[in-house]
Amino acid sequence: MVNIQEFKLGSFIVDSKHFIGNIKIVENKIRYWDRPEDYVLEMHEIESVLKLAPKIIVIGTGAGGLLKVSDAIRQRILRNNIEMVVDKTQNVITLINNLSKEKKKFAAILSSSS
């Protein structure tokens, strides 16, 4: 189970561990994620998540919502019958914690920037 205890610009505290930078949550494991410099989510970043067939993908676009998710990525996710939530990172934390508590099969891509 994953529990995001805190999100501040540039970092997260997850399960009492401090992570500086962007993270992915896949199969209840935290991994660092190198966000693209142009703030646009790339298809290859989603493909690795889609292979695991989550029921829902949560994308946190940063504190100011700068990370962009293209229509092509949105369509690719929906074609796989996967629910998707895209919102500012601080707005998806509660959802992620609830999905984890409910043992739902989910993945999250979270930008820690503005």
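Just so it is clear, none of the values below were taken in a lab; they were calculated from the coordinates. Being a predicted model, the structure only gives us computed values, none of them experimental. Cβ placement follows ideal geometry from the backbone for every residue including glycine, while neighbour counts extend to all protein chains displayed.
If you go through the stretch 15-30 and keep only what is more than 13 Å from the chain's Cα centre (by Cα) and under 16 Å from N98 (Cα atoms), you end up with just D15. Which of the residues spanning the stretch 59-73 are within 14 Å of S112 (Cα to Cα) and outside any loop (DSSP other than H, G, I, E, B)? Those that are within 14 Å of S112 (Cα to Cα) and outside any loop (DSSP other than H, G, I, E, B): I59, G60, K68.
One residue alone among T61, T89, T94 is under 13 Å from the mean Cα position of the chain (by Cα), surrounded by fewer than 18 Cβ atoms within 10 Å (Cβ to Cβ) and under 17 Å from F7 (Cβ atoms), and that residue is T94.
Which residues, counting only those in the stretch 75-114, are assigned to a helix (DSSP H, G or I) and closer than 11 Å to K55 by Cβ? If the condition is that a residue be assigned to a helix (DSSP H, G or I) and closer than 11 Å to K55 by Cβ, then L99 is the only one that fits. Inside the stretch 9-28, residues that are surrounded by fewer than 16 Cβ atoms within 10 Å (Cβ to Cβ), in contact (Cβ under 8 Å) with a residue 12 or more places away in the chain and of a type outside the set (A, V, I, L, M) make up a count of 7. Total residues in the stretch 31-58 satisfying the condition of being of a type in the set (A, V, I, L, M) and under 13 Å from the mean Cα position of the chain (by Cα): the figure is 7.
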